1. Just want the answer: with Cβ charges of +1 for Lys and Arg and -1 for Asp and Glu, which residue in GLY112, ASN123, LEU149 is farthest toward the dipole's positive end in segment 109-181?
2. Could you give the length gained by full extension between ARG130 and ASP269, i.e. 0.36 nm per residue of separation minus their alpha carbon distance, to one decimal place?
3. Each residue of segment 225-235 in turn: what ³J(HN,Hα) in whole Hz from Karplus with 6.51, -1.76, 1.60 and θ = phi - 60°, glycine and Pro shown as x?
4. Using the structure shown, list the pairs from LYS124/LYS190; LYS124/LYS280; LYS54/LYS161; LYS2/LYS136; LYS89/LYS267; LYS162/LYS284 with a Cα-Cα distance above 32 Å, or answer none.
5. Which FRET efficiency, nearest 0.05, do ASP140 and GLU240 yield, Cβ-Cβ r, R0 56 Å?
6. Label-point separation (nm) for GLU159 and ASP75, each offset 7 Å from Cα along Cα-to-Cβ?
7. Would you mind computing, in nm to one decimal, how far apart the modelled labels at ARG45 and TYR233 are, each placed 7 Å from Cα along Cα→Cβ?
8. Order these peptides, 71-80, 3-12, 298-307, by their mean beta-carbon neighbour count within 10 angstrom, highest first.
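The values are calculated or read from the model by the stated rules, or taken from the named source; none is laboratory data. Small disclaimer: the values here were computed from a predicted structure and weren't measured. Cβ: placed from backbone, ideal geometry, glycine included. Neighbour counts: every protein chain shown. All accessible areas refer to the heavy atoms of the entire protein, side chains included, with ligands and DNA or RNA removed. Shrake-Rupley method; radii C 1.70, N 1.55, O 1.52, S 1.80 Å.
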Amino acid sequence: MKYITDTDFLPEYRDLHFDSYQLLYGIAINQQEEMIYDTIITLCRKYREPVLRKSKVDYWKTLVDKVISRLDYIDDKADVMVYLPYKQKLCTPERLIQRYSYARLVLENVRGLEMNQLIRRGNKSADDIRWFYPIKKLEDMMYEAVPMLAELHHKTEKEVKKIVANELIRRGIEATDANPSEENENLYIKVFLNGKYLKELVPASESKEDNEPIYDKHTKLETVGFLYYALQYYFGKVQELKKGEMEKMLKHAVIRIANGLETPLVKLDTTNISNNTAYKYVNKKQFNCNSTNFDTLDNIAHALLNHGIKVPTELSDKMKK
């Protein structure tokens with residue numbers, strides 16, 4: 001028997017907005033259809049504007065589709081179990097596929113509903129479902145599980161807390177000036193998954209053939225179109241800049257273009273920009289800080305080189321030698 005865990009089929013936690021996290025991780029943790037339904041209704045009720053709500057639902061459906069695709073890619077599902085150590089959740093890939101498929105059907109059915117039609121089971125209030133929604137932050141759940149995991153695996157809480165901390169660093173959730181060693185990175189899998197880990201779980205739709213990514217034609221057209229007009233706008237703005245304003249405009253452009261490429265149908269919340277993932281990365285250059293994985297820096301550099309763009313010194317100096 002081999003195991004997979006949340007990082008194998010769910011998007012990176014640090015890249016998810018609150019609502020997407022509640023939906024995707026909530027399904028994996030709660031797994032009951034009633035809870036999934038109430039979670040979706042509650043998330044929809046957060047967005048009163050019909051167009052914004054429909055856009056959110058469409059975006060959530062794309063995320064759910066990706067999760068299903070990853071789980072469905074497993075060849076020998078009879079020999080694989082999904083295991084979330086911090087919640088002691090153990091189930092088959094088929095069970096999770098059923099749950100995410102159910103969630104997608106609910107999303108399709110609620111897409112066109114008015115606010116007064118978005119009703120939880122039994123007309124429950126938000127307080128009535130507090131015991132399962134919202135789920136806690138991932139880091140909080142993992143640290144809260146330390147005593148339980150220590151008892152299960154016959155280790156001290158101090159040892160388990162260190163394993164959890166290293167895993168959070170590996171996932172990019174907790175910052176540090178030093179990367180954990182490869183041995184410490186693997187402790188989470190070695191201890192909690194007994195080392196029986198199914199690696200390289202990547203759906204065919206996300207693989208590469210002849211080094212060319214597989215795109216839906218319309219998606220690529222929209223992406224290229226958005227990029228063209230966004231850059232046209234910013235190139236025009238650059239000509240109007242006064243000396244010393246370039247860095248501010250650069251950050252402005254990266255944040256908006258990054259969000260436009262990742263979530264094109266979701267309006268950027270500029271009133272809460274400090275919580276935006278791209279803002280956090282750009283504001284402190286986290287993609288180029290000491291805690292950044294060297295592979296990430298190499299990938300960024302090679303992406304630039306592959307497209308004829310000079311690698312800046314500040315990046316090349318930090319690259320893996």
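1. Of the options given, the answer is GLY112.
2. 47.5 nm is the gain from fully extending ARG130 to ASP269.
3. Coupling constants for segment 225-235: x, 4, 4, 4, 6, 5, 5, 4, 5, 6, 4 Hz.
4. Those over the limit are LYS124/LYS190; LYS124/LYS280; LYS54/LYS161; LYS89/LYS267.
5. 0.75
6. 3.6 nm
7. Distance between label points: 3.4 nm.
8. In decreasing order of mean packing, 71-80, 3-12, 298-307 become 3-12, 71-80, 298-307.
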